[in-house]
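Undergrad: Starting off with a structure, shown below.
The values are calculated or read from the model by the stated rules, or taken from the named source; none is laboratory data. Keep in mind that this is a model prediction, so the values were computed, not measured. Here the Cβ positions follow ideal geometry from the backbone for every residue, glycine too, while neighbour counts run over all protein chains shown. Quick note on the areas: whole protein, heavy atoms, side chains included, nothing else; ligands and nucleic acids left out. Shrake-Rupley method; radii C 1.70, N 1.55, O 1.52, S 1.80 Å.
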Amino acid sequence: QLRLEESGGGVAQPGGSLNLSCAASGHRFSIYLMGWYRQPPGKQRELVATISEDEGAIYSDSVKGRFTVSRDIDKKTVSLQMKSLEPEDTAVYYCHAKPFRNTVGAWGPGTSVTVSS
């Protein structure tokens, strides 16, 4: 029932910026955790950043200092502000959400990000 939908993907040049957004629906209360994973071409899905009430923001080492995750608890949205983009950031980005702390969570369909000159 919890559904996620990403937006904001596209093409950016190295060193550029891009903002991703994700909106959750179908959940009555506030969501415990929302965040982002990505799957580069030919690779497995990996953590990008998540944010929760008790743990705050968690980032993968590859994006620390460049990406910022934020959320609106009431609106049930999460955003990913990506700066200083690198070609290695090219991937399909998936929104992820856990309605409660110890649940499997839900995934969005993904939005493609391509970083190239």
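Undergrad: For the range 1-35, what are the residues that are closer than 27 Å to Val104 by Cβ, surrounded by 14 or more Cβ atoms within 10 Å (Cβ to Cβ) and of a type in the set (A, V, I, L, M, F, W, C)?
TA: Leu2, Leu4, Leu20, Cys22, Ala23, Ala24, Ile31, Leu33, Met34
Undergrad: With the requirement that a residue be under 17 Å from Arg28 (Cα atoms), touching a strand residue (DSSP E or B) at 6+ places or on another chain (Cβ under 6 Å) and assigned to a loop (DSSP other than H, G, I, E, B), what does the range 101-110 give you?
TA: Gly105 - this is the single residue of the range 101-110 that is under 17 Å from Arg28 (Cα atoms), touching a strand residue (DSSP E or B) at 6+ places or on another chain (Cβ under 6 Å) and assigned to a loop (DSSP other than H, G, I, E, B).
Undergrad: Val63 is checked against (1) open to solvent by 60 Å² or more (accessible area, probe 1.4 Å); (2) touching a residue at least 24 places away in the same chain (Cβ under 8 Å); (3) not in a strand (DSSP E or B) and fails just one. What number does that condition carry?
TA: (1)
Undergrad: Can you name the condition, by its number, that Ile73 falls short on among (1) surrounded by fewer than 16 Cβ atoms within 10 Å (Cβ to Cβ); (2) modelled with pLDDT of 95 or more; (3) not polar (S, T, N, Q)?
TA: Only one criterion is unmet by Ile73, namely (2).
Undergrad: Here is a further query. Find all pairs meeting these conditions: Cβ atoms under 9 angstrom apart; at least six residues apart or on different chains; first residue within the range 30-47 and over 18 Å from Asp61 (Cα atoms); second residue aromatic (Phe, Trp, Tyr) and open to solvent by 70 Å² or more (accessible area, probe 1.4 Å).
TA: From the range 30-47, the pairs are Ile31/Phe100; Tyr32/Phe100; Leu33/Phe100.
Undergrad: Restricting attention to the range 86-100, does a residue exist that is within 18 Å of Gln13 (Cβ to Cβ), open to solvent by less than 30 Å² (accessible area, probe 1.4 Å), part of a strand (DSSP E or B) and touching a residue at least 12 places away in the same chain (Cβ under 8 Å)?
TA: Yes, because at least one residue in the range 86-100 is within 18 Å of Gln13 (Cβ to Cβ), open to solvent by less than 30 Å² (accessible area, probe 1.4 Å), part of a strand (DSSP E or B) and touching a residue at least 12 places away in the same chain (Cβ under 8 Å).
Undergrad: Of all residues in the range 36-60 being open to solvent by 20 Å² or more (accessible area, probe 1.4 Å) and aromatic (Phe, Trp, Tyr), which is nearest to Thr111 (Cα to Cα)?
TA: Among residues in the range 36-60 that are open to solvent by 20 Å² or more (accessible area, probe 1.4 Å) and aromatic (Phe, Trp, Tyr), the one nearest to Thr111 (Cα to Cα) is Tyr37.
Undergrad: Which condition does Arg38 not pass, out of (1) charged (D, E, K, R); (2) assigned to a strand (DSSP E or B); (3) at pLDDT below 95, if it passes all the others?
TA: Arg38 satisfies all of (1) charged (D, E, K, R); (2) assigned to a strand (DSSP E or B); (3) at pLDDT below 95 except (3).
Undergrad: If we keep just the residues of the range 101-117 that are over 16 Å from Glu5 (Cα atoms) and open to solvent by less than 60 Å² (accessible area, probe 1.4 Å), which is modelled with the lowest pLDDT?
TA: Thr103
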